[in-house]
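The values are calculated or read from the model by the stated rules, or taken from the named source; none is laboratory data. Remember, it's a predicted structure, so these values are computed and weren't measured experimentally. FYI the Cβ positions are ideal-geometry reconstructions off the backbone, even for glycines, and counts take in every protein chain you see. These accessible areas exclude ligands, DNA and RNA; they are computed on the full protein's heavy atoms, side chains included. Shrake-Rupley method; radii C 1.70, N 1.55, O 1.52, S 1.80 Å.
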Amino acid sequence: VLDEIDAALDEANSGRLASILTELQQYSQLIVITHNRQTMKAARVLFGVTINEHHISHLISMRLEQASQLAAR
């Protein structure tokens, strides 16, 4: 579990970290907590929490491969 490891990184170093994470995911399962877009792009699946107008939290998930296929349509 890696929690906000990219918080202090600039764009160039965030890209380098994303490359390292992509390489590591071939051998390990990683859970990365982040708000950084470049780091999220390296993920296969994203999980998040959203809140509706009634202040009820909902968990959401998205497989990026499926999202890319839907966006290409």
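Observations, loosely collected:
- Considering segment 17-47, and only residues there that are in a loop (DSSP other than H, G, I, E, B) and of a type outside the set (S, T, N, Q), the residue that is most open to solvent (accessible area, probe 1.4 Å) turns out to be TYR27.
- Flag if ASN13 is touching a residue at least 12 places away in the same chain (Cβ under 8 Å) and surrounded by 10 or more Cβ atoms within 10 Å (Cβ to Cβ): no
- Residue list for segment 27-59, restricted to those being over 27 Å from LEU9 (Cα atoms) and hydrophobic (A, V, I, L, M, F, W, C): ILE51, ILE56, LEU59
- Candidate set from segment 48-68 (those that are among the hydrophobic types (A, V, I, L, M, F, W, C) and assigned to a strand (DSSP E or B)); member that is surrounded by the most Cβ atoms within 10 Å (Cβ to Cβ): MET62
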